[in-house]
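Asker: Please find one structure pasted underneath; my questions will follow.
The values are calculated or read from the model by the stated rules, or taken from the named source; none is laboratory data. As the structure is a computational prediction, the values presented were derived from the model and not from experiment. For neighbour counting, all protein chains shown are included, and Cβ atoms are generated from backbone atoms with ideal geometry for every residue, glycine included. Accessible surface areas use protein heavy atoms only, side chains included; no ligands, DNA or RNA. Shrake-Rupley method; radii C 1.70, N 1.55, O 1.52, S 1.80 Å.
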Amino acid sequence: MRILAIETSCDETAVAIIEVTKENGTQYLKVLGNALYSQIKTHAPMGGVVPMLAKREHAKNLAPLLEKALNEANLLTLSTRPITGELLQKIGPLFTHEPELLGPTVQLLGSIDTPAIDTIAVTSGPGLEPALWVGINFAEVLSLAWGKPLQAINHMEGHLLSALLKEEQPGIFTIETPKLPMLALLISGGHTELVVMKNIGDYKIIGSTRDDAAGEAFDKTARMLGLPYPGGPEIAKLAAVAIEKGLKLEQPLPRPMIKSDNLDFSFAGLKTAVLYLVKKRGTLDNETKMKIAREVQEAISDVLVAKVSKAIEETGAQTIVIGGGVASNSYIDRALTEAVTTRYAGSTYLKPAKGLTTDNAVMIGLTAALKHTTTTRGAIKANGTLKF
Ligand code: KG4
Ligand code: ZN
């Protein structure tokens with residue numbers, strides 16, 4: 001089964017072509033083509049993602065990225081069949097809100113054969129709605145022009161399932177069959193959730209943030225330290241130097257809700273504590289910034305470890321996975337690995353392979369392959385707050 005997957009929920013424009021096969025009971029996922037454009041440079045001067053800029057960038061990049069992914073997958077066959085008449089009349093209105101995408105799409109579709117893919121998967125939420133719509137409309141047009149079925153995919157489900165991909169060789173993964181129930185810690189720029197998976201498609205959120213997401217806590221505190229967006233990797237870099245040099249803040253920062261009798265999170269208090277500290281200190285020298293970065297990372301990590309441990313105890317989870325941009329933080333990953341493997345020796349801890357923690361289209365294709373759902377053409381709606 002070959003899937004073309006499209007992801008435009010936030011500030012990464014991604015198109016991937018994956019192939020899922022089954023041999024002797026094992027499922028394999030091969031990445032045939034993977035084209036991704038990160039818009040970080042566009043949004044960094046604004047200190048965060050600007051939805052309308054994200055939409056514009058997606059519209060600019062989707063057609064070239066599709067061409068790149070098809071080419072990489074050896075699925076690009078040149079031919080001449082100009083898009084005219086009835087088809088053009090149907091395509092035009094689909095791009096009413098992103099007219100700049102019409103020309104390049106019609107040109108590309110008019111110069112290539114229908115590629116040998118089975119379905120088209122696209123993220124329908126959660127995320128920034130203007131950004132989501134660009135990907136959805138693009139997918140609708142491809143589906144119409146090529147006569148391929150559509151699959152609407154939940155971005156968070158993509159993050160949740162991505163840890164099941166075990167890289168065997170570059171671009172070739174086995175899809176692990178997890179021991180159930182599985183517990184997922186999803187930590188990204190917009191979400192902090194603990195989710196129990198009883199089966200693929202059967203999820204329950206058992207804990208979530210009451211205010212800021214973990215990634216947001218990294219981004220906002222980084223900003224207070226004068227670091228560029230996105231702040232997570234910047235805090236991680238400074239924290240690593242602080243650890244290496246043995247620099248530590250004298251006064252610890254709060255670990256909000258670490259001992260609360262539930263699985264919810266709150267990071268706003270941590271952000272406020274950093275704000276007070278920064279105000280009190282006035283201008284910050286580099287060493288102080290490093291100390292604060294280290295303490296922020298440790299505070300977030302401590303809370304995540306405590307909540308994951310509590311969740312394992314409450315759910316009897318056999319498999320623990322992490323996903324989302326913050327999952328690429330190696331300090332947090334190490335802390336979780338240690339906690340899970342030492343305290344819950346019977347359970348398995350899985351994390352996404354490199355490049356699959358942050359937003360990508362491979363995880364959207366994987367989810368489509370595991371779910372087999374199809375959505376009627378014209379029926380996909382962007383849903384910024386889509387839940388499990
Ligand atoms: O999943 P993602 O790529 O996009 C969303 O769906 O939000 O996550 C982005 C978030 C940002 O807040 C970013 O600062 C954070 O992930 N992040 C990190 C690291 N890399 C990315 N946070 C901490 N440490 C990192 N190494
Ligand atoms: Zn994400």
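Asker: Return the only residue of Thr315, Thr357 being within 20 Å of Phe265 (Cβ to Cβ), within 16 Å of ligand 1 (Cβ to nearest atom) and surrounded by 17 or more Cβ atoms within 10 Å (Cβ to Cβ).
Answerer: So the residue among Thr315, Thr357 that is within 20 Å of Phe265 (Cβ to Cβ), within 16 Å of ligand 1 (Cβ to nearest atom) and surrounded by 17 or more Cβ atoms within 10 Å (Cβ to Cβ) is Thr357.
Asker: Just give me the residues in region 134-154 being surrounded by fewer than 21 Cβ atoms within 10 Å (Cβ to Cβ) and either more than 20 Å from His372 (Cβ to Cβ) or among the hydroxyl-bearing types (Ser, Thr, Tyr) (or both), in sequence order.
Answerer: Across region 134-154, the qualifying residues are Leu144, Ala145.
Asker: Then there is this: Could you please let me know if Ile153 is within 18 Å of the chain's Cα centre (by Cα) and within 16 Å of ligand 2 (Cβ to nearest atom)?
Answerer: yes
Asker: Also: Return the total of residues in region 81-112 being acidic (Asp, Glu) and open to solvent by 60 Å² or more (accessible area, probe 1.4 Å). Give the derivation first.
Answerer: Looking only at region 81-112, we keep the residues that are acidic (Asp, Glu), and these are 86, 98, 100.
From what's left, open to solvent by 60 Å² or more (accessible area, probe 1.4 Å): 86, 100.
Qualifying residue count for the region: 2.
Asker: Let me ask something else about it. Give Leu53, Leu29 a once-over and let me know the one that is open to solvent by less than 60 Å² (accessible area, probe 1.4 Å) and either out of contact with any strand residue (DSSP E or B) (no Cβ under 8 Å at 6 or more places or on another chain) or more than 30 Å from Lys371 (Cβ to Cβ) (or both).
Answerer: Working: Leu29 fails: either out of contact with any strand residue (DSSP E or B) (no Cβ under 8 Å at 6 or more places or on another chain) or more than 30 Å from Lys371 (Cβ to Cβ) (or both).
Matching residue, one of Leu53, Leu29: Leu53.
Asker: Okay, next question. For region 230-283, give me each residue that is of a type in the set (Gly, Ala, Ser), open to solvent by less than 40 Å² (accessible area, probe 1.4 Å) and either within 16 Å of ligand 2 (Cβ to nearest atom) or closer than 30 Å to Asp359 by Cα (or both).
Answerer: Gly231, Gly232, Ala236, Ala239, Ala242, Ser266, Ala268, Gly269, Ala273
Asker: Here is a follow-up. Any idea which residue in region 155-171 is nearest to ligand 1 (Cβ to nearest atom), counting only those that are open to solvent by 10 Å² or more (accessible area, probe 1.4 Å) and closer than 13 Å to Thr26 by Cα?
Answerer: So, considering only residues that are open to solvent by 10 Å² or more (accessible area, probe 1.4 Å) and closer than 13 Å to Thr26 by Cα, the one nearest to ligand 1 (Cβ to nearest atom) is Lys166.
Asker: Looking at region 175-195, can you tell me whether even one residue there is within 16 Å of ligand 1 (Cβ to nearest atom), touching a strand residue (DSSP E or B) at 6+ places or on another chain (Cβ under 9 Å), more than 16 Å from Val321 (Cα to Cα) and acidic (Asp, Glu)?
Answerer: So far as region 175-195 goes, no, none of its residues is within 16 Å of ligand 1 (Cβ to nearest atom), touching a strand residue (DSSP E or B) at 6+ places or on another chain (Cβ under 9 Å), more than 16 Å from Val321 (Cα to Cα) and acidic (Asp, Glu).
Yes/no per residue for (1) surrounded by 15 or more Cβ atoms within 10 Å (Cβ to Cβ); (2) closer than 21 Å to His372 by Cα; (3) of a type in the set (Phe, Trp, Tyr); (4) in contact with a helix residue (DSSP H, G or I) (Cβ under 8 Å, 6 or more places away or on another chain):
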residue: Glu176; (1), (2), (3), (4): yes, yes, no, no
residue: Ala184; (1), (2), (3), (4): yes, no, no, yes
residue: Leu194; (1), (2), (3), (4): yes, no, no, yes
residue: Met197; (1), (2), (3), (4): yes, yes, no, yes
residue: Tyr203; (1), (2), (3), (4): yes, yes, yes, yes
residue: Gly207; (1), (2), (3), (4): yes, no, no, yes
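Asker: Suppose the filter is more than 16 Å from ligand 1 (Cβ to nearest atom) and of a type outside the set (Ser, Thr, Tyr); does Lys280 pass it?
Answerer: Answer is yes for this residue.
Asker: Please find, within region 336-349, the residue that is farthest from Gly232 (Cα to Cα) out of those that are surrounded by fewer than 21 Cβ atoms within 10 Å (Cβ to Cβ) and under 21 Å from the mean Cα position of the chain (by Cα).
Answerer: Filtering first and then ranking leaves Tyr349.
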